[in-house]
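The values are calculated or read from the model by the stated rules, or taken from the named source; none is laboratory data. All values reported here derive from a predicted model rather than from experimental measurement. Neighbour counts run over all protein chains shown; Cβ positions are idealised from the backbone, glycine included. The protein model used for the area step is the full one, side chains on, heavy atoms only, and it has no ligands, DNA or RNA in it. Shrake-Rupley method; radii C 1.70, N 1.55, O 1.52, S 1.80 Å.
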Amino acid sequence: MLQILLISIVALLHIGFMILEMILWERPAGRRIFGTTKEFAASSRKLAMNQGLYNGFLAAGLIWGLFLGPSGLHVIYFFLICVVIAGIFGAATVNRRIFWVQAAPALIAFAVIYYS
């Protein structure tokens, strides 16, 4: 049960990232969360939407793995590893906080699943 909860949290985080990047990017809440100006948000809107779509795919993969039940374990591992790699890359190239918001929850979920 803990494994399902942790995987669901990671999936929900990525659905949230998708919404922030695809829908709220240019709105005050999105600009405040990402610390961007109105001008930057407008000029980078298409990039943010693209990134949001990828976050949606990560969430979809985790949800797919959950729906597969025990046979979806390898799917879940794959998508959790993708999330971890994306989080590490984001932390190294954009902001270290990305590690804690994206990679750490996925690492915790991976470890709990692997060791249980």
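Considering the stretch 1-18 alone, what residues qualify as being touching a residue at least 12 places away in the same chain (Cβ under 8 Å) and open to solvent by less than 70 Å² (accessible area, probe 1.4 Å)?
Our first condition is that a residue be touching a residue at least 12 places away in the same chain (Cβ under 8 Å); within the stretch 1-18, this holds for 2-4, 6-15, 17-18.
Within the stretch 1-18, GLN3, LEU6, ILE7, SER8, VAL10, ALA11, LEU13, HIS14, ILE15, PHE17, MET18 meet the criteria.
Any chance you could count how many residues in the stretch 64-93 are free of Cβ contacts under 8 Å to residues at least 40 places away in the same chain, open to solvent by 50 Å² or more (accessible area, probe 1.4 Å) and farther than 15 Å from PRO105 by Cβ? Let's see the steps before the verdict.
In the first step, residues of the stretch 64-93 are kept if they are free of Cβ contacts under 8 Å to residues at least 40 places away in the same chain; the result is 64, 67-72, 74-75, 77-79, 81-82, 84-93.
Next cut, open to solvent by 50 Å² or more (accessible area, probe 1.4 Å) only: 64, 67-68, 70-71, 74, 78, 81, 85, 88-89, 92-93.
Okay, now just the ones that are also farther than 15 Å from PRO105 by Cβ, so 64, 67-68, 70-71, 74, 78, 89, 92-93.
The number of residues fulfilling the criteria is 10.
Just for the stretch 31-59: of the residues that are without any contact (Cβ under 8 Å) to a residue 40 or more places away in the chain, within 15 Å of the chain's Cα centre (by Cα) and open to solvent by less than 70 Å² (accessible area, probe 1.4 Å), which one is farthest from ALA103 (Cα to Cα)?
So, considering only residues that are without any contact (Cβ under 8 Å) to a residue 40 or more places away in the chain, within 15 Å of the chain's Cα centre (by Cα) and open to solvent by less than 70 Å² (accessible area, probe 1.4 Å), the one farthest from ALA103 (Cα to Cα) is MET49.
Could you say which residue among PHE17, PHE78, PHE40 is out of contact with any Asp or Glu (no Cβ under 6 Å at 6 or more places or on another chain) and either within 14 Å of ILE113 (Cβ to Cβ) or β-branched (Val, Ile, Thr) (or both)?
From the options PHE17, PHE78, PHE40, the qualifying one is PHE78.
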